[in-house]
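First the structure, in the form of structure tokens, and then the observations on it.
The values are calculated or read from the model by the stated rules, or taken from the named source; none is laboratory data. In this text, all values refer to a predicted model and were calculated from it rather than measured experimentally. In this analysis, Cβ positions are derived from the backbone assuming ideal geometry, glycine residues included, and neighbour counts consider all displayed protein chains.
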Amino acid sequence: MDSVKIGLAGAGTVGGGVCRVLNRNQEQISARAGARIEVKYVTCRHPENRSDLVPLVGSLGIDWHEIVEDPEIAIAVEAMGGIEPARSFILAAIDAGKHVVTANKALLAQHGDEIFDAAAKKGVIVAFEASVAGGIPIIKAMRESLVANRIQSVVGIINGTSNFILTSMRKEKISFAEALSKAQKLGYAEADPSFDIDGIDAAHKISILSSIAFGGPISFDKAYIEGIRDLQNVDIEFADQLGYRVKLLGITKRRGTGIELRVHPTLVPERRLLAHVGGVTNAVEVKGDAVGSTLYYGPGAGSEPTASAMIADIVDVVRMIGVSSNHQVPVLGYKRKIENVDVLPMGETVCSYYLRIGVTDSPGTLADVSRVFADMGISIESLIQKEAVAGQGSTSIVLMTHTAWEAAVQEAIRRIEALDCVTGKIVLLRKEELN
Ligand SMILES: NC(=O)C1=CN([C@@H]2O[C@H](COP(=O)(O)OP(=O)(O)OC[C@H]3O[C@@H](n4cnc5c(N)ncnc54)[C@H](O)[C@@H]3O)[C@@H](O)[C@H]2O)C=CC1
Ligand SMILES: N[C@@H](CC=O)C(=O)O
Ligand code: NA
């Protein structure tokens, strides 16, 4: 059996997992790939601390240039994370005629155009299954298995860390900080965890999926992004009482001649499958005109689940070595715009809303608030007015709206916050019906 040599830059949670799984399942993987896959060279910042990897790989070093300059290495695997030097490593590897496998969604969301362009010119593959939803084969499903469809929407829980935090806060009643620290210890979080809790990582991922679904370049810069950092327990509890779970969702869907692209904490009806996806697990619902609604579920982060996706890419590349780039699966709908759809401004999206309004406990308050909604043409689906705590003189109105334009809801909030009877900022969460 022939052998294919790979060079791996980055040997942390993900890179370490790639070495372990490749070594453990070497025989099966090689038989399936039709070639023996050998990790010739691994680079990381502190090879002196990675004696565990020594028996698993050819050699360990610090300088990724060695991978790029080694003509024996056919596939450069990037698991360093961040923008630099990951971008330089990938571009140099492409320039040297190597195929690339990466888990780096931040890099692809921001520099994907440059990287895929360079790869197309060189006729090499850039594979990125691990970049979205960890071990779930969502990229493969969307690029290959759903190719017959006009995609209508992609909606998912695509950040394991924030889902882990939300689940722990709700079930174990532990604090946000404690849940985040647990997720970091388990290797789920990004090097900068604000990417996870501020929705940026989910936005990187949904931008990649949106580009695959609808064609055109990756539009991360046009995504609306809101994370879970400011989410309060009281809203998780109200949502529960109303029959919803709060999930951080990545959403991209057709609306008229455009597409919505957004990430925010979302109320998901309890009866939907996505409401019950807990911990680090991810789930993505893809709707196509031919297939209908499909759901992909599995571990969205962690060492070996992510390694599983990277090794699948490595095997795919091994099978394609020598095949002309015209016969390879195209990267995205990329550049050859499949359809002429642009990302809509957030004001032009349509949702139903949960609003919690702090008000003084005085006559006419509810009428004043309701009048603003009526004036803006927003209809209220349900409303709870909490009883005032004795002696405090203030209370909350919690309401759900029917679908409305985001711009109209924002204007209503501006007007309501200006009323004398309203105390403080209104809390807004969006709702998604799903299947
Ligand atoms: N941890 C996870 O569950 C998942 C991570 N990813 C992505 O995989 C990539 C790697 O993530 P982790 O393994 O979690 O990170 P990590 O921090 O555990 O590992 C990073 C590795 O890269 C090396 N490295 C970083 N910067 C370097 C530099 N400038 N020069 C040389 N070596 C450098 C470090 O020494 C370390 O070995 C990131 O792009 C991340 O977004 C993707 C899916 C899941
Ligand atoms: N930090 C990410 C890792 C996987 O992409 C997450 O929590 O989902
Ligand atoms: Na994946």
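Within the stretch 137-158, how many residues turn out to be touching a Phe, Trp or Tyr at 6+ places or on another chain (Cβ under 9 Å) and within 11 Å of ligand 1 (Cβ to nearest atom)?
The qualifying residues number 0.
Looking at this structure, is A127 away from ligand 2 (no atom under 14 Å from the Cβ), under 18 Å from the mean Cα position of the chain (by Cα) and farther than 12 Å from K205 by Cβ? If you could, list the steps in order and put the result at the bottom.
Details: away from ligand 2 (no atom under 14 Å from the Cβ): yes; under 18 Å from the mean Cα position of the chain (by Cα): yes; farther than 12 Å from K205 by Cβ: yes.
Yes, satisfied.
Starting from the stretch 30-55, keep only residues that are at pLDDT 95 or above, then list their pairs with residues that are of a type in the set (S, T, N, Q) and buried (at least 16 other Cβ atoms within 10 Å of the Cβ) whose Cβ atoms are within a distance under 9 Å, requiring at least 6 positions of separation or different chains.
Within 9 Å, the pairs are R36/S30; I37/S30.
I'd like the full set of residues that are more than 12 Å from ligand 2 (Cβ to nearest atom), under 19 Å from R143 (Cα atoms) and touching a helix residue (DSSP H, G or I) at 6+ places or on another chain (Cβ under 6 Å), limited to the stretch 296-309.
Y296
Closer than 25 Å to R36 by Cα, within 16 Å of ligand 2 (Cβ to nearest atom) and not small (G, A, S): does that describe V101?
Judged against the criteria, V101 is a match.
List every residue pair whose Cβ atoms sit under 7 Å apart, with the two residues 6 or more apart in sequence or on different chains, where the first one lies in the stretch 106-132 and is in contact (Cβ under 8 Å) with a residue 24 or more places away in the chain and the second, anywhere, is of a type in the set (G, A, S) and within 16 Å of ligand 3 (Cβ to nearest atom).
L108/S131; A109/S207; E129/A309; E129/A312; A130/A103; A130/A309; S131/A103
So is D113 of a type in the set (D, E) and more than 27 Å from I136 (Cβ to Cβ) or not?
On the way: of a type in the set (D, E): yes; more than 27 Å from I136 (Cβ to Cβ): no.
Taking the combined requirement at face value, the residue does not satisfy it.
(1) within 24 Å of T13 (Cα to Cα); (2) crowded, with 24+ Cβ neighbours inside 10 Å: which one isn't true of A223, the others all being true?
If we test A223 against (1) within 24 Å of T13 (Cα to Cα); (2) crowded, with 24+ Cβ neighbours inside 10 Å, just (1) comes out false.
Testing D113 on (1) in contact with a His (Cβ under 9 Å, 6 or more places away or on another chain); (2) farther than 23 Å from A301 by Cβ, one condition comes back false. Which one is that?
Condition not satisfied by D113: (1).
When residues of the stretch 241-273 are filtered for being over 15 Å from Y353 (Cα atoms), surrounded by fewer than 17 Cβ atoms within 10 Å (Cβ to Cβ) and either touching a Lys or Arg at 6+ places or on another chain (Cβ under 9 Å) or not small (G, A, S) (or both), how many remain?
6
Tally up the residues in the stretch 159-173 that are over 20 Å from the mean Cα position of the chain (by Cα) and either exposed (fewer than 15 other Cβ atoms within 10 Å of the Cβ) or within 14 Å of ligand 1 (Cβ to nearest atom) (or both), please.
Qualifying residue count for the region: 3.
For the stretch 299-315, what are the residues that are assigned to a helix (DSSP H, G or I), near ligand 3 (Cβ under 9 Å from one of its atoms) and over 13 Å from G15 (Cα atoms)?
Once the filter is applied, which keeps residues that are assigned to a helix (DSSP H, G or I), near ligand 3 (Cβ under 9 Å from one of its atoms) and over 13 Å from G15 (Cα atoms), the stretch 299-315 yields only A312.
If we scan the stretch 360-368, do we find a residue that is under 19 Å from D240 (Cβ atoms) and hydrophobic (A, V, I, L, M, F, W, C)?
From the stretch 360-368, those under 19 Å from D240 (Cβ atoms) are none; that's our starting set.
Checked the stretch 360-368: no residue is under 19 Å from D240 (Cβ atoms) and hydrophobic (A, V, I, L, M, F, W, C).
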